[in-house]
1. Tell me the residue from ILE150, ILE141, ILE100 that is of a type in the set (A, V, I, L, M, F, W, C) and surrounded by 16 or more Cβ atoms within 10 Å (Cβ to Cβ), please.
2. Do the conditions hold for ALA173, that is, is it touching a residue at least 24 places away in the same chain (Cβ under 8 Å), part of a strand (DSSP E or B), within 22 Å of LEU241 (Cβ to Cβ) and among the small types (Gly, Ala, Ser)?
3. I'm told ILE166 meets every condition in (1) more than 24 Å from ILE39 (Cα to Cα); (2) free of Cβ contacts under 8 Å to residues at least 40 places away in the same chain; (3) β-branched (Val, Ile, Thr) except one. Can you identify the failing condition by its number?
4. ALA223 versus (1) of a type outside the set (Val, Ile, Thr); (2) at pLDDT below 90; (3) open to solvent by 50 Å² or more (accessible area, probe 1.4 Å); (4) not in a loop (DSSP other than H, G, I, E, B): which is the lone unmet condition?
5. Every residue in segment 1-46 that is surrounded by fewer than 18 Cβ atoms within 10 Å (Cβ to Cβ) and of a type in the set (Asp, Glu), please.
6. So which residues in segment 228-245 are in a loop (DSSP other than H, G, I, E, B) and hydrophobic (A, V, I, L, M, F, W, C)?
7. Inside segment 81-97, can you point out the residues that are open to solvent by less than 20 Å² (accessible area, probe 1.4 Å) and among the aliphatic types (A, V, I, L, M)?
8. Would you please name the residue that is most open to solvent (accessible area, probe 1.4 Å), looking only at residues in segment 57-72 that are within 19 Å of ILE225 (Cβ to Cβ) and over 13 Å from the mean Cα position of the chain (by Cα)?
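The values are calculated or read from the model by the stated rules, or taken from the named source; none is laboratory data. The shown structure was predicted, so the numbers you read here are calculated from the model rather than taken from an experiment. Neighbour counts run over all protein chains shown; Cβ positions are idealised from the backbone, glycine included. Heads up: the accessible areas ignore ligands, DNA and RNA and are worked out on the full protein's heavy atoms, side chains in. Shrake-Rupley method; radii C 1.70, N 1.55, O 1.52, S 1.80 Å.
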Amino acid sequence: PNDLIEIDISAFNEKYEAEPIVGRYTGQTVVPYYDRKEIDEEDALVGKAEPLAWVKDPVDVFFLQIQGSGKIFLDTGEVINVHYHGTNGRPYRAIGGLLIEEQKIPKEEMSMQKIRSYLRAHPEEMAPVLNHNPSYVFFKIEPEGPLGYINVLLTPGRSVALDRRIFPPAALAYIQAKKPVVNSVGQIDSWIDCNRFVLNQDTGGAIRGPGRADLFWGNGPYAEIAAGYLQQPGSLYFMVLKPHS
């Protein structure tokens, strides 16, 4: 949006070194940028941002924003790659946690697919549930994709998103986790070990804290299943050069 501004307050005093403030300038002050409800239901972006594409399913748009990048298949047959370009600066709130708290979905059954099916069965709850997360992601179109935050193409199964305030960007790491085994009808039969070297290069605005990591799976049916259901515990190791003794 042409009225969105980003302020690095550490430039005023290094004690404020943190994430930049995102907002909009009105009058002689800066106020928080519009939240999801204002953008989706009150047309807050009209005249402020040019639409890249129209997507028929709002839940698809919501998960596209959580994932940070994706492909949009147009009715002309064209496919466009959209990539993370910025946010409205609002805090991220997980709608899965809301549905668990309200006892709509049991915690042990929570997945992206379960959220989709619940909202499809309860369309009257779609808007209030999605608006529980005030964070909103803005995209740009790129010829290839998806790109990580170091502007390099991601590698399926080898690129992870971590909290960049804690972990070194683009660093080599090793993970010990699980991945699903999917049968011919798209159901998970079992979980097997997934131990491999990865690079910390993916974007992840919702990845906060030292105990959370997201593994990029790529595109296609398996990637959607793995990304939607993977919430297994695992171990993460960073490769660090030994200091000279």
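1. ILE100
2. yes
3. Status for ILE166: all satisfied but (2).
4. With respect to (1) of a type outside the set (Val, Ile, Thr); (2) at pLDDT below 90; (3) open to solvent by 50 Å² or more (accessible area, probe 1.4 Å); (4) not in a loop (DSSP other than H, G, I, E, B), ALA223 is out only on (3).
5. Of everything in segment 1-46, those that are surrounded by fewer than 18 Cβ atoms within 10 Å (Cβ to Cβ) and of a type in the set (Asp, Glu) turn out to be ASP3, GLU6, ASP8, GLU14, GLU17, GLU19, GLU38, GLU41, GLU42, ASP43.
6. Hits for segment 228-245 are LEU230, MET239, VAL240, LEU241.
7. VAL82, ILE95
8. Here the answer is LYS71.
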